[in-house]
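Asker: If you scroll down you'll find the structure; I have some questions about it.
Derivation of every value follows stated rules applied to the coordinates shown; laboratory data play no part. This one's a predicted model, so the numbers in the text were calculated from it and none came from an experiment. Note that we place each Cβ from the backbone using ideal geometry, even for glycine, and neighbour counts take in every protein chain shown.
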Amino acid sequence: MKTALLGGAALLALGFGVVPVAAATTDTSSSDSTSSSSSVGPTSESTTTTAEFDTDPNATITLSSAPNISFGKNITPNGPTNGNYTAVTVDNPIGVSNPGLGSGWSVQVKNSAFTDTTGDTLSGAVLDLAAPTVAAANTGNPSAKPDAMALSLNGTDANEILLSAPLKGGLGIWDGSYSPSSVTLAVPAGQMGGTYTSTMTWQLSDTPE
């Protein structure tokens, strides 16, 4: 916004009698008071700073860890109600390392039926995984955070998406962690006693889902 300033002079004569009027004079000087008082304003310069980062052309996104889960020892569910159990231990996070590839990625998981060494199956068992807590290994990671999903696995070996990082997201090292209280097992009453094991398969794909 341009602001115009108007300047003026006020003449105050004090005394008695007539104040003589001075004859108008013309300044014939060739000097320009405006130009003589002008000064050069501030100046600026633009420069560049360059930083180059190279990604190994042979680099790959890797799944570095996945959890083993234990529900400990329990009474065989054969009462009037079904059994619901909370994990005792979950030993590792789901770890994904992305060295700088912008493809995005996803982690899927499936599980087999809970089976003991004699071949008996924990029929109808459902393994429920709450959405894992996702965090970068470093503080202040600016890339898009992977999405995390809650899952129910019924032992049919069907893949379910657990983590998904978008294009140009999930860069660096990311962990999806479970607390024991976030993993539960629902078992219908009417089971044989035994130690039952389900194999969980965690699969990394270098594309978002």
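Asker: Express in nm, to one decimal, how much length is gained between Leu101 and Asp116 on full extension, taking 0.36 nm for each residue of separation and deducting their alpha carbon distance. Could the numbers behind the result be given before it?
Answerer: Values: separation 15, 0.36 × 15 = 5.40 nm, distance 4.18 nm.
So the chain would gain 1.2 nm between Leu101 and Asp116.
Asker: Report the Cα centroid-to-centroid distance between the stretch 106-152 and the stretch 161-209 in angstrom, as an integer.
Answerer: Here the answer is 1 Å between Cα centres.
Asker: Would you mind counting up the charge near Ala66? Only other residues with Cβ under 13 Å from its Cβ, with Lys and Arg at +1 and Asp and Glu at -1. Working shown, then result.
Answerer: Working: positive: Lys110; negative: Asp91, Asp175.
Neighbourhood net charge equals -1.
Asker: Taking a ≥ b ≥ c as the square roots of the eigenvalues of the Cα gyration tensor of the stretch 67-209, is the shape rounded (a/c under 1.5), prolate (a/b larger than b/c) or oblate? Walk me through the numbers on the way to the answer.
Answerer: Numbers: a/c = 2.95, a/b = 2.31, b/c = 1.27.
Prolate, because a/c is 1.5 or more and a/b exceeds b/c.
Asker: So how do Lys110, Lys168 line up by other beta-carbon neighbours within 10 Å, fewest first? All intermediate terms of the calculation are to be shown ahead of the outcome.
Answerer: Values: Lys110 17, Lys168 13.
Ordered from fewest to most neighbouring Cβ atoms within 10 Å, Lys110, Lys168 come out as Lys168, Lys110.
Asker: Taking a point 7 angstrom from the Cα of Thr199 along the C-beta vector, which residues in the stretch 139-161 have backbone N less than 12 Å away?
Answerer: Answer for the stretch 139-161: 157.
Asker: Could you tell me which residue out of Gly83, Met149, Ser123 lies farthest along the dipole of the stretch 62-205 toward its positive end? Charges go on the beta carbon: Lys and Arg +1, Asp and Glu -1, centred on the Cα centre.
Answerer: Looking along the dipole axis, the top candidate is Met149.
Asker: If packing is taken as the average count of other Cβ atoms within 10 Å, what order do 87-99, 130-142, 42-54 fall into, highest mean first?
Answerer: 87-99, 130-142, 42-54
Asker: Here's another thing I want to ask about it. If I stretch the segment between Asp128 and Asn68 completely, what's the gain in nm (0.36 nm per residue apart, minus their alpha carbon distance), one decimal?
Answerer: 20.2 nm
Asker: Which order do the peptides 75-83, 119-127 take when ranked by the mean count of other beta-carbon atoms within 10 Å per residue, highest first?
Answerer: Details: 75-83: 11.7, 119-127: 16.3.
The peptides rank, most packed first, as 119-127, 75-83.
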